[in-house]
1. Among what's in region 489-511 and is open to solvent by 40 Å² or more (accessible area, probe 1.4 Å) and assigned to a strand (DSSP E or B), pick the residue that is nearest to residue 340 (Cα to Cα).
2. Within region 296-315, does at least one residue satisfy the condition of being over 25 Å from residue 240 (Cβ atoms), part of a loop (DSSP other than H, G, I, E, B) and either touching a residue at least 12 places away in the same chain (Cβ under 8 Å) or touching a Gly at 6+ places or on another chain (Cβ under 6 Å) (or both)?
3. Given the conditions (1) surrounded by 13 or more Cβ atoms within 10 Å (Cβ to Cβ); (2) among the charged types (D, E, K, R); (3) closer than 14 Å to residue 386 by Cα, report the number of the one that residue 435 does not fulfil.
4. Which residue is surrounded by the fewest Cβ atoms within 10 Å (Cβ to Cβ), if the candidates are limited to region 807-833 and must be part of a loop (DSSP other than H, G, I, E, B) and under 41 Å from the mean Cα position of the chain (by Cα)?
5. Mind checking which residues of region 671-688 are in contact with a Ser or Thr (Cβ under 7 Å, 6 or more places away or on another chain), among the aromatic types (Phe, Trp, Tyr) and open to solvent by less than 60 Å² (accessible area, probe 1.4 Å)?
6. In the list 836, 773, which residue meets the criterion of being of a type in the set (Lys, Arg), buried (at least 19 other Cβ atoms within 10 Å of the Cβ), touching a helix residue (DSSP H, G or I) at 6+ places or on another chain (Cβ under 9 Å) and within 25 Å of residue 638 (Cα to Cα)?
7. Can you tell me which residue among 660, 667 is assigned to a loop (DSSP other than H, G, I, E, B), open to solvent by 20 Å² or more (accessible area, probe 1.4 Å), more than 27 Å from residue 209 (Cα to Cα) and in contact (Cβ under 8 Å) with a residue 60 or more places away in the chain?
8. From the set of residues in region 707-734 that are in a helix (DSSP H, G or I) and in contact with a helix residue (DSSP H, G or I) (Cβ under 6 Å, 6 or more places away or on another chain), which is most open to solvent (accessible area, probe 1.4 Å)?
Amino acid sequence: MFRAGLVCCSVLVSIAGAADPVNFARDIEPVLEKHCLVCHGPQQQMSGLRLDQKEAALKGGASGQDIKPGDSAGSRLIRLVTGADGKVMPPVGARLSAAEIELLRAWIDQGAPWSAGTGGHWAFQKIQRPEPPAVRDRAWARNAIDNFVLARLEKEGIAPSPEAGKATLIRRLSLDLTGLPPTPEEVANFLQDSRPDAYERVVDRLLDSPHYGEKWARYWLDVARYADSDGYEKDRARPWAWRWRHWVIDALNHDMPFDEFTTEQLAGDLLPNRNIDTLVATGFNRNTLTNREGGTDPEQFRDEQVLDRAATLGTVWLGLTVGCAQCHNHKFDPISQKEFYQLTAFFNTQEEANIPAPLAGELGPYLAARPDYDQKRKALLEEYKIPAVEKDWEDKLRYAQQHPTEHDDWIFAYGEFTHTVDNAKKVLFTDPAKRSEVQQNAMLDVFLGSCGNLFPKQYCKDLKLDELRPKLDGLSAKASKISYAPVLLENDTPPKTYVHIKGDWRDHGEEVQPGTLAVLPPLGAEKPTRLALARWLMAPENPLTARVAVNRIWQELFGRGIVNTSEDFGTQGDRPSHPELLDWLATEYRNRGWSMKQMVRLMVTSASYRQESKARPELDARDPDNTLLARQSRLRLAAEAVRDETLYAAGLLDLRIGGPSVRPAQPKGVAELSYGGSVKWVESTGADRYRRGLYILFQRTVPYPQLMTFDAPNSNLSCTRRERTNTPLQALNLMNDPVFFEAAQGLAYRVMQESSGAFRDRLNYAYDVTLGRAPSAHEAERMGKYFDETLRHLGESPQTVSALFPNQIAGVPQIDAAAWVELSRVLLNLDEFITRE
């Protein structure tokens, strides 16, 4: 829509809503967003008309006088869009239709009311709770959501779709609420349950499931750009990143109100009743990238992290692209560069830390074993005379920092040190006795690994460090462990915050204090801290947070948000398909105490959600994207859910909740693609190989390939909505990936062990397990033919039989089990299997 030198007429969102019968937000703004009407780039205005300035926009024709209400014929805007002066705007692309021009005329004739800035944009308006509209088909609506949806459908002359069948509904609910399919027993029980509230009982059971928190944590990890490594060249592992993820799952399972959920993640360290959990919550902002490449300036990338935290806040809670104002005022939204840096000032006072955050059952054994461990470790260090040498090493590093033009080798060693230890300079100049255990261990590790950068190599060799290190590692391996958490804490010596001229971190402009966006309600009289910022986000006066948050819940359940651009509620984002419904839901979210579970329950119990998802050819042209909600959307499962459902059907999935990340099997050669082959993917063993996709270790530079094939985000930036692609590689992944082949073997074993009788009985069971239904007669016939053909081919190739199913099952011919592996691969590769209807 945008071209160099052109400013789209969406700048007219600065015009306030006009009085009926022409409503600006409803009628005029979509016209102006659709067409680029004026050129006022560096070459000056092609038309002499500016739509971002009231005085210029409301001038008349050749007279240059202000237009008056009722005098649209004299408006330069009207003359240009009609071509009355020989020029037609826009100069390229589609022209305005006659109906759209008449809307503009009517708006001008009513006085074209105007407000400063772009405050007239719908998303910046105060949320007003609308009344659910009346509908003709009152029997269809199950709650207020349906009134809004049905009113729009009736206006368009469209009937909603019938309710989906019970088997489809329970599968849809299970996948949407827990990310796992229902068991055959759960499906059977629901089909037999004739009670009027049977559906609601299933909803409540799933909301109470501990797997609810896992499913809904996945979308929150996306917006938080969660990963288990630093990114950039070295991409060093973050062994404790998972501790924040564990907190998220627990918070969602306990239905922590969204205002508390927000406050603890942004400012848990500033709460008056702060504790380990509120500190762990601040790990939200530890998901930024960290550059440890030699030769880089740590301050530059600390600054990059601060900017990223402010931009992420804008995306996650405000639905605004505030990061676009890093180098200049935002081109389209009312966000100045100064305001962006005022937002960054809230995060410039923080510093990173790793703190003990033991899980239940860890602390007791740890404390009991700690004295013996400390004693043995101290004895080892003294035996090898480490304390004195390490002190000398630190003295040299401090000298190098204070005298950067002397001793090149020391300067090099100091540079390497700063890229290895978090908050390196501050730790180096902290009294060793006051350093945390994490800091002490980090300093020792760097010393043991880089002694030769400061001392002669023979000197380090004489210290027998190569002999000491394995002894320390062995001692640590036997020691009782506790979990740690990456957190953010207030810096006791915070730097000042400046506007960066043209976004250059080295070029300081005006100093700024923490502040928010002028287009939104003020922060208030409270001291401008991160805690105040979190409370400002959740304040009733803020028109964005509630809309943005409830829109994302809707997106998870209906496949697209009421505002499709869930990351951008600004002037360049999409308008809401059902604006009154969005505002009603936003107020409902607040009124229900910010309970996500209550909002999920409200949405999934609506008739709108319960519609079948069958395509309606008569709507292909009128509503190709299903924005009117005349049916449910048919959605390919998220990357993690594709793997989870496959392992679940095979009886292999480990359903433990929370804990550290795992490294399941992946194709050979993937980890070696990392820089210098530095990433070592040591495959997890035992049950860890079969944990849910949520727990797969995410290495930013070489992410788990199956996740990326099925459109998982790269975790470098906040992602509010995943793409859904359909590629041949996905089918190849399902057929040939070692994990999915092993799952096919597991499903075959399960069919052989858990069902008996004729082929049709076992096929029925396989369909129950994978698709939650029985096969049709046609499907059963095709599957039977395929099974017979497979048996015939396997009979000609005994070596293939053992390759497909090397195990033996009592009473089952190995060739039969091998044929079931092949049939299982077909079932696990069906579109229906990886799709939520």
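1. Per the criteria, the residue is 498.
2. no
3. (3) is the only condition that residue 435 fails.
4. Among those that are part of a loop (DSSP other than H, G, I, E, B) and under 41 Å from the mean Cα position of the chain (by Cα), it is 831.
5. Listed by number, the list is empty, since nothing qualifies.
6. The unique qualifying residue is 836.
7. From the options 660, 667, the qualifying one is 667.
8. Once the filter is applied, the top-ranked residue is 729.
The values are calculated or read from the model by the stated rules, or taken from the named source; none is laboratory data. In this text, all values refer to a predicted model and were calculated from it rather than measured experimentally. Cβ coordinates were reconstructed from backbone atoms using ideal geometry, including for glycine residues, and neighbour counts include every protein chain displayed. Heads up: the accessible areas ignore ligands, DNA and RNA and are worked out on the full protein's heavy atoms, side chains in. Shrake-Rupley method; radii C 1.70, N 1.55, O 1.52, S 1.80 Å.
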